[in-house]
Structures are given as C-alpha cells and as structure tokens.
Amino acid sequence: MAQAALAAVLAAAVTGAAPGQPAAPLEIPSALVKVIEQVDVPAKEAGVLAAVKVREGQMVEKGELLAQIVDTEACIARDRAKIELEVAKKKVKNDVNIRFAKKSAEVAKAELRRSMESYKIYPKSISDSEMDRLRLVVQRAELEVEQAEYESEIAELAWRIKENECRAAEEQVRRRKITAPLRGVVVDVRRRGGEWVELGETVLRVLRIDRLRAEGFLRAEDVRAELVGAPARLRLDLPGEAGAEFPGKIVFLSPEIDPVNAQIRVWAEVDNRGLKLRPGMRAKIIVEPPTTDSTKSGEKEK
C-alpha cells in the first residue's frame with residue numbers, strides 16, 4: 001500500500017493532479033496539420049496518354065482509373081495470348097492419340113497371343129520370323145503408348161507456359177492504366193491527353209486527406225511512453241463552427257528532447273470528418289492521459 005501511495009503522489013507531481021484524482025488532460029496549444037500520405041503517381045509504361053480522366057480537386061477512390069495510356073498493341077497481344085492459351089488447353093484435353101495407341105497395343109497383344117497358341121498346337125503353322133515380327137509389333141505399340149503419354153505431358157507444360165504468357169499480356173494492358181494508389185484528392189495533373197510520357201514519369205499527384213497528422217510539441221516532463229496510443233482530440237475554429245473537434249490518437253513521440261526549449265515532438269493522427277480539415281491549419285491537441293490503477297496494483301502486491 002505504501003508503494004501504491006508513493007506512485008500516486010509521483011503521478012500527481014507529473015500531471016499536476018491531486019493524489020487520488022484522475023490526471024488532467026495534456027494540452028498542446030499549437031499543432032500543425034500535415035498530410036500523412038501523398039503519392040506522385042507515375043506512368044508504368046512509356047507511351048502516349050489517350051486520356052486523363054480526372055482534374056485537380058477531384059476526390060478519387062483507391063484503384064480508380066486516373067489516366068489511360070494508348071494500349072492498342074498491348075490489347076492485341078493479350079487477345080492473341082488468350083487464343084493461344086485456348087489452343088494449348090484443347091491439346092491437353094485431347095487424348096485421342098493415347099486411346100488409339102492403347103487400343104493398337106491391345107490388338108497387337110491379342111494377335112501375338114493367338115499366334116503363340118497356334119504355334120504350340122501346330123509348330124509349323126507359323127514361322128519363327130513371323131513370331132519375331134509380331135513381338136516387334138507389340139513392342140512398337142507399347143512404345144507408341146509411352147510416346148502419346150509423353151506428348152500429353154509436354155502439352156500440359158506448354159499450357160502452363162501459355163497461362164503465364166497470358167497473365168504477362170494482361171499485366172501489360174493493366175500497366176497502361178494509371179490508377180489511384182489511395183483514396184484522396186488530386187492536387188496536381190502534370191500531363192494531358194495526347195502527350196508522351198516516359199516510364200516512371202509523374203503524371204498526377206494525389207493526397208490522402210481523410211486521415212491527417214497533427215504535429216506539435218510537448219514539455220519533456222509531461223511525456224511518458226504510455227502516451228503512445230492515447231486518445232487525442234484536435235480542436236480548432238472553423239468557418240461557422242467554433243471549437244470543432246476531430247478524434248484521433250497519439251502515434252509518435254520523438255526520442256529526442258530539444259535542448260533549447262526542453263520539448264519533445266509529438267504526432268497525432270486524426271480522422272478528418274467531412275474533409276473539413278486542410279493541411280497547413282493550426283489547431284490545439286488535447287491528449288487524454290493513460291489511466292493507471294495504482295491502488296489495485298498495490299493491493300495485488302500486498
């Protein structure tokens with residue numbers, strides 16, 4: 001119990017709360033709202049832009065088509081690969097050669113068996129040369145079965161190759177579609193329809209604004225490791241909405257203390273409800289301190 005009481009006093013000394021009272025929220029009076037994610041969307045293949053389907057300021061969803069590079073040749077190659085894949089598939093399913101070879105082997109074996117039976121009864125009815133020929137026919141028929149099965153295995157491998165070629169051709173078509181890598185707003189369109197773009201060249205820039213980062217500074221004596229993950233609120237005055245709040249949480253505490261002002265950089269990620277927040281705004285961060293039940297801890301120790 002004595003240790004629990006001491007812990008409560010120390011916590012109160014840090015947070016400014018009286019012993020036994022919940023710690024007061026921490027306040028970061030000035031925080032800068034920043035973008036968490038922004039992507040320069042590149043062209044994955046060189047070519048002529050057939051169309052740019054978005055404009056600056058437009059909201060886009062992840063995977064949405066932003067621009068299209070001319071893909072005529074890629075589509076032709078894809079269609080050809082699909083046809084070749086169908087041909088390869090039909091060859092795999094065609095077992096006529098195997099069935100014919102097995103049937104031929106059965107007939108040859110039956111003929112040899114009848115000849116051997118006749119030879120036992122009438123030794124002079126069939127010459128030794130004829131028996132050798134019949135044995136050779138059986139062996140050839142068995143080898144033809146093996147050859148037909150081997151060719152079927154090769155056809156199956158060729159089918160797999162055509163499947164890979166078809167996927168590669170599909171990928172070439174997809175690479176000529178420039179899509180949004182995240183949900184956000186288009187802030188810069190650098191190329192227009194009809195222009196040539198090089199591989200890797202930036203065509204558009206997209207910012208994620210549904211979730212933003214607020215960055216501020218907290219006194220070193222107020223910082224505890226438990227603050228990471230603590231709930232936080234971003235508060236600021238918006239046009240027609242004074243004291244607007246946006247929920248979030250603390251996600252980062254800098255390991256460095258500024259030697260000039262003895263403060264630590266803090267990041268909070270907040271949900272941008274209604275997309276009302278804009279990068280560059282100044283706001284206040286209110287951090288709910290983590291709660292610790294020192295009393296119960298002390299009782300367990302006892």
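List of remarks:
- Within segment 166-183, the set of residues being modelled with pLDDT of 95 or more and charged (D, E, K, R) comprises R167, E170, E171, R174, R175, R176, K177.
- Within the option set Q68, Q38, Q58, being among the polar types (S, T, N, Q), at pLDDT 95 or above and in contact with a strand residue (DSSP E or B) (Cβ under 9 Å, 6 or more places away or on another chain) holds for one residue only, Q68.
- Across segment 231-246, not a single residue is classified as under 23 Å from M59 (Cα atoms), of a type in the set (K, R) and in contact (Cβ under 8 Å) with a residue 24 or more places away in the chain.
- On the stretch given as segment 255-278, residues that are surrounded by fewer than 15 Cβ atoms within 10 Å (Cβ to Cβ) and not aliphatic (A, V, I, L, M) total 10.
- The residue that is modelled with the highest pLDDT, counting only those in segment 141-165 that are under 43 Å from the mean Cα position of the chain (by Cα) and β-branched (V, I, T), is I161.
- Residue within segment 210-220 that is part of a loop (DSSP other than H, G, I, E, B) and over 18 Å from L32 (Cβ atoms) present: yes
- Set side by side, the residues L49, L112, L65 differ, and just one is outside the structural domain of L199 (by TED's automatic domain parsing) and in contact (Cβ under 8 Å) with a residue 24 or more places away in the chain, which is L112.
- Top-ranked residue of segment 221-262 - restricted to ones that are part of a helix (DSSP H, G or I) and more than 13 Å from P25 (Cα to Cα), ranked as modelled with the lowest pLDDT: A225
- Among the residues making up segment 238-288, those that are among the hydrophobic types (A, V, I, L, M, F, W, C) and out of contact with any Phe, Trp or Tyr (no Cβ under 9 Å at 6 or more places or on another chain) are L238, A242, A244, F246, I257, V260, A262, L275, M281, I285, I286, V287.
- Residue match in segment 194-217 (condition: modelled with pLDDT under 90 and more than 30 Å from L66 (Cα to Cα)): no
- Scanning segment 63-92 for residues that are part of a helix (DSSP H, G or I) and not hydrophobic (A, V, I, L, M, F, W, C) gives T72, E73, R78, D79, R80, K82, E84, E86, K89, K90, K91.
- Residue within segment 185-201 that is in contact with a helix residue (DSSP H, G or I) (Cβ under 9 Å, 6 or more places away or on another chain), over 23 Å from V60 (Cβ atoms) and of a type outside the set (F, W, Y) present: no
- Residue count for segment 248-281, restricted to those that are farther than 16 Å from L227 by Cβ and not small (G, A, S): 13.
The values are calculated or read from the model by the stated rules, or taken from the named source; none is laboratory data. Quantities reported herein were computed from a predicted structural model and do not represent experimental measurements. Virtual Cβ from ideal backbone geometry, glycine too; neighbours counted across all protein chains shown.
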